[in-house]
Amino acid sequence: MDASSALQALSIILQVVIILTCLIIGAKKGGIALGLIAGIGLLVLVFGFRLEPGEAPVDVILTILAVIGCAATLQQSGGLDVMMQMAERVLRRHPEQITILGPCVTWFLTVLCGTGHVVYTMLPIIADIAIKKDIRPERPMAASSVAAQMGITASPVSVATVSVVSIIAKNTDRHWSVLQILAISIPASLCGVLLAALWSMRRGKDLDKDEEYQKRLKDPEFRAAVHSSSETLIGKVFPPEAYRATWIFLGAIAAVVVLGAFEVLRPKFPTGDGGTMERLSMNLVIQMVMLAAGALILLTCKVQAGKIASTAVFKAGATAMFSIFGVAWMTETVVHAHLEDLEHSLAGVLSHHVWMYAIVLFIIGKLVNSQAAGLLIVAPMALSLGVSPVIVVGFIGASYGYFILPTYPSDLAAIGFDPTGTTHIGKYVINHSFLVPGLIGVFTSCLVGTALSQLLLS
């Protein structure tokens with residue numbers, strides 16, 4: 001290796017170290033720190049290493065903003081509580097099956113809303129049902145938190161799903177619809193959730209047979225904390241506007257599915273490169289439909305506009321959106337600068353070992369704490385290196401890697417809402433309640449997704 005090549009290799013290594021350092025520090029700080037600290041990395045890369053700035057993920061951010069705005073308006077109207085109440089009725093009708101039904105319900109809520117941040121109301125309800133049946137809460141709680149995040153790639157209005165459609169259309173000659181992607185991602189994701197839930201049914205001891213729990217139960221303060229209240233939405237009466245908001249939101253989701261399935265319904269516009277016509281992209285469709293649905297809820301359901309931004313859904317979504325902005329922009333800058341070198345060194349490896357794409361996606365998904373951001377970073381690079389778009393769709397479930405360390409809000413919420421302490425972070429941090437259900441869910445999703453994509457898309 002000559003001096004010039006050695007210097008270039010050292011430069012790339014330093015750039016990767018900068019990215020990893022920003023990700024690690026940002027993840028430790030939490031909140032919007034990930035996006036802010038990525039700004040430091042971006043400045044160093046552009047002004048220090050003279051790299052041309054990559055493209056900021058504007059389409060993804062705008063889509064998240066539209067979906068979160070609509071979901072937050074739904075929450076402020078009371079419509080989200082209506083959906084939660086319906087879900088609770090299902091759970092309380094079959095309390096002995098809470099370990100299976102809990103994850104299925106949280107998965108379905110995410111599929112409907114496009115974000116896993118809608119499940120916080122369900123977690124204390126799941127814990128309450130489990131405790132009343134002497135079922136170890138760790139079983140349904142950990143699986144339900146994992147299932148909520150796995151539902152993202154199965155949602156027609158999630159940024160992760162739509163990103164895959166637009167990435168493949170932009171980087172290949174394939175033009176698959178959202179419905180074609182969902183035909184693979186929904187059964188793949190659901191199979192992962194079900195297998196993780198089935199495994200969870202036998203983890204640990206039931207509360208009435210757990211010696212450690214029974215010993216702790218002798219403490220009056222601990223016993224009072226466990227049995228002090230019963231979390232429930234059953235019996236709560238909602239105004240007519242809350243039900244109206246729910247139907248508007250569900251109608252918007254149906255509209256997105258229909259427009260994604262039947263391209264002929266979307267208008268064509270000239271692209272500017274010789275007058276060729278292209279259909280309106282699904283990113284723009286979701287943005288328009290979600291904004292319009294949010295406006296209808298606001299205008300017809302007596303929503304206080306000033307309180308929308310203070311809802312839990314909006315705060316969590318805004319945090320995720322900010323993180324994606326900084327991290328994806330910083331990473332794209334390095335990838336774009338060295339794309340030719342990556343193609344030369346990795347093309348052969350990925351063509352013979354396609355499973356490495358899933359591993360890279362899994363790791364990046366963890367580092368950026370976002371499935372959409374992980375896909376946005378890894379999928380275009382993989383396609384440019386010769387990975388088949390069929391493989392990219394089949395491994396979509398690998399984008400969920402942020403359960404490896406229990407730092408994600410839904411995991412922390414599950415721990416906090418379990419008064420028995422069975423849902424926990426272990427002594428060594430990595431040995432926590434969400435690790436095995438997450439691994440089972442992702443591995444199963446990738447297996448099923450790959451088989452279906454080969455069958456339906458090849």
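Accessible surface for the chain, divided over its residues, is 44 Å² per residue with a 1.4 Å probe.
Per-residue 3J(HN,Hα) values for region 32-38, derived from phi via the Karplus relation 6.51 cos²θ - 1.76 cosθ + 1.60 with θ = phi - 60°, read 7, 4, 4, x, 5, 5, 4 Hz in sequence order (x marks Gly and Pro).
What is the helix-to-structure angle for 240-261, meaning the angle in degrees between its Cα long axis and the longest Cα principal axis of the chain, kept from 0 to 90 and rounded to the nearest 10? That helix lies at roughly 30 degrees to the long axis. Between residue 55 and residue 90, the FRET efficiency from the beta-carbon distance, with R0 = 56 Å, is close to 0.80. Relative to the longest principal axis of the C-alpha atoms of the chain, give the angle of the C-alpha long axis of helix 58-77, reported between 0 and 90° and rounded to the nearest 10°. Value to nearest ten degrees: 20.
With the simple model of a label 7 Å out from the Cα in the direction of the Cβ, residue 424 to residue 5 spans 5.4 nm.
Highest mean packing comes first when the peptides 185-192, 238-245, 287-294, 437-444 are listed by Cβ atoms within 10 Å, giving 185-192, 437-444, 287-294, 238-245.
When the inverse distances between all different Cα atoms of region 3-457 are averaged and flipped, the Kirkwood radius reads 22.9 angstrom. Could you tell me what percent of the accessible area of the chain is made up of carbon and sulfur, with a 1.4 Å probe and every protein chain present? Within the chain, the accessible surface is 67 percent carbon and sulfur. Estimated purely from DSSP H runs of n ≥ 4, each contributing -39500 (n - 2.57), the mean residue ellipticity at 222 nm for the chain is -22500 deg cm²/dmol once divided by its residues. Amide H contacts of residue 278: 269, 271, each under 5 Å away and 5 or more positions distant or on a separate chain (H built 1.01 Å from N in the peptide plane; Pro and chain starts excluded).
Pairs exceeding a 20 Å alpha-carbon distance, out of 29/315; 132/205; 170/268; 307/366; 28/427; 29/366: 307/366. To the nearest 10 degrees, how steeply does helix 312-337 sit against the main Cα axis of the chain, on a 0 to 90 scale? For 312-337 against the chain, the angle is about 20 degrees. In summary, the lysines within cross-link reach of residue 218, defined as a Cα separation below 17 angstrom excluding same-chain residues under 8 places away, comprise 209.
The values are calculated or read from the model by the stated rules, or taken from the named source; none is laboratory data. From a predicted model like this one, the values you see are computed outputs, not experimental measurements. Note that we place each Cβ from the backbone using ideal geometry, even for glycine, and neighbour counts take in every protein chain shown. Ligands, DNA and RNA are stripped out before the accessible areas are found, and what is left, the full protein with its side chains, is counted by its heavy atoms. Shrake-Rupley method; radii C 1.70, N 1.55, O 1.52, S 1.80 Å.
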